[in-house]
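J.: First, the structure itself, so that you have it in front of you.
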Amino acid sequence: MSQRVDRWIEWCKWPVAVLALAALPLAALAVLSLLRQLVLAPAAALPFLAGFGAYLALWWLWLRRPLFGSFFATLEHELTHALFAVLTLHRVTGLRATWSRGGSMSFMGRGNWLITIAPYFFPTICLLVLAVSWLVSWLLPAALRSFSDALMGAALAYHLSSTMRETHAGQTDLARVGWLFSLMFLPTANLLVFGGIVSYAYGGPAALADFLRSLADPLS
């Protein structure tokens, strides 16, 4: 079964790349519109923005130094590979993360480009926080909801900083899927993920739906 899934995903590779490239201006305009809303009326997203800013400050002042290694970032990177391997029906057979020498993930079957490129646009930790926040939001008092929003902001900032560190000319994952494909696909994918998470933090599912609808606004 995983072989059929791999063939289908590989067949979709370049159509997806062309579609992503065509959608890039729409995604950029939608994100800019969302950021303008945040600037004009930031109150609803203050906990999220505080968490985002606090993590960026912590990273800049402390965590970006080589002294701290990259075990957690490497572990999350390999877990994201493993998640997409499982989602595309592969059995994961091994996962390794080191403090300063990278990591690896192995699975049964051929694999596909989605498994390879997933860590460069899919914020596993952030979306896990978002899912837990959504599941328990109706039970939490306002103070704890603010804390979960701040944690989601910090998780998104972590994803951005770790992805920036991992995206470089020597990155074998990106070379494996192809630099042309990566350049066509990743900007749009990251804008959509970023905009989706920020809009959800700003106004919940309704704001997320508005963000997705705004992608088509320039076409109407």
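The values are calculated or read from the model by the stated rules, or taken from the named source; none is laboratory data. Here the structure is a predicted model, which is why all the values come from computation and not from measurement. We place every Cβ from the backbone using ideal geometry, glycine too, and count neighbours over all the protein chains shown.
J.: Would a scan of the stretch 132-143 turn up a residue that is under 20 Å from Val177 (Cα atoms), part of a helix (DSSP H, G or I) and either aliphatic (A, V, I, L, M) or modelled with pLDDT of 90 or more (or both)?
T.: Checked against the condition, which is being under 20 Å from Val177 (Cα atoms), part of a helix (DSSP H, G or I) and either aliphatic (A, V, I, L, M) or modelled with pLDDT of 90 or more (or both), the stretch 132-143 yields no hits at all.
J.: From the list Val16, Val31, exactly one residue is under 22 Å from the mean Cα position of the chain (by Cα), over 22 Å from Gly153 (Cα atoms) and crowded, with 16+ Cβ neighbours inside 10 Å. Which is it?
T.: Val16 is the lone residue from the list that is under 22 Å from the mean Cα position of the chain (by Cα), over 22 Å from Gly153 (Cα atoms) and crowded, with 16+ Cβ neighbours inside 10 Å.
J.: Hey, another quick one. Just name the residue that is surrounded by the fewest Cβ atoms within 10 Å (Cβ to Cβ) out of those in the stretch 165-179 that are in a helix (DSSP H, G or I) and of a type outside the set (D, E, K, R).
T.: Of the residues in the stretch 165-179, the ones in a helix (DSSP H, G or I) are 165-166, 172-177, 179.
When the remaining residues are screened for being of a type outside the set (D, E, K, R), the result is 172, 174-175, 177, 179.
Details: Thr172: 8, Leu174: 20, Ala175: 12, Val177: 20, Trp179: 11.
The residue in question is Thr172.
J.: What pairs can you find where one residue is in the stretch 26-44 and on the phi > 0 side of the Ramachandran plot, the other is surrounded by 18 or more Cβ atoms within 10 Å (Cβ to Cβ), and their Cβ atoms are less than 8 Å apart, with a gap of 6+ or different chains?
T.: From the stretch 26-44, no pairs qualify.
J.: I've got another one for you. Only one residue in Ser162, Ser182, Ser106 is in a helix (DSSP H, G or I), at pLDDT 85 or above, among the hydroxyl-bearing types (Ser, Thr, Tyr) and over 26 Å from Ala44 (Cβ atoms). Which one? Break it down into steps so the answer makes sense when it comes.
T.: Values: Ser162 fails: at pLDDT 85 or above; Ser106 fails: in a helix (DSSP H, G or I).
The unique qualifying residue is Ser182.
Condition check ((1) more than 19 Å from Leu192 (Cβ to Cβ); (2) outside any loop (DSSP other than H, G, I, E, B); (3) basic (Lys, Arg); (4) modelled with pLDDT of 90 or more) across all residues:
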position	(1), (2), (3), (4)
His90	yes, no, no, yes
Leu95	yes, yes, no, no
Gly111	yes, no, no, yes
Val129	no, yes, no, no
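J.: Using beta carbons and a limit of 9 Å, which pairs, at least six apart or on different chains, have the first residue in the stretch 165-187 and more than 15 Å from Gly102 (Cα to Cα) and the second one aromatic (Phe, Trp, Tyr) and outside any helix (DSSP H, G or I)?
T.: Taking only residues 6 or more apart or on different chains, the pairs are Phe185/Phe121; Leu186/Phe121.
J.: What's the total number of residues in the stretch 78-105 that are of a type outside the set (Lys, Arg), in contact with a Ser or Thr (Cβ under 9 Å, 6 or more places away or on another chain), within 23 Å of Lys13 (Cα to Cα) and surrounded by fewer than 16 Cβ atoms within 10 Å (Cβ to Cβ)?
T.: So the answer is 1.
J.: So which residues in the stretch 70-90 are more than 17 Å from the chain's Cα centre (by Cα) and touching a residue at least 60 places away in the same chain (Cβ under 8 Å)?
T.: Hits for the stretch 70-90 are Ser70, Thr88, Leu89, His90.
J.: Please enumerate the residues belonging to the stretch 64-77 that are at pLDDT below 80, crowded, with 16+ Cβ neighbours inside 10 Å and in a helix (DSSP H, G or I).
T.: Matches in the stretch 64-77: Ala73 only.
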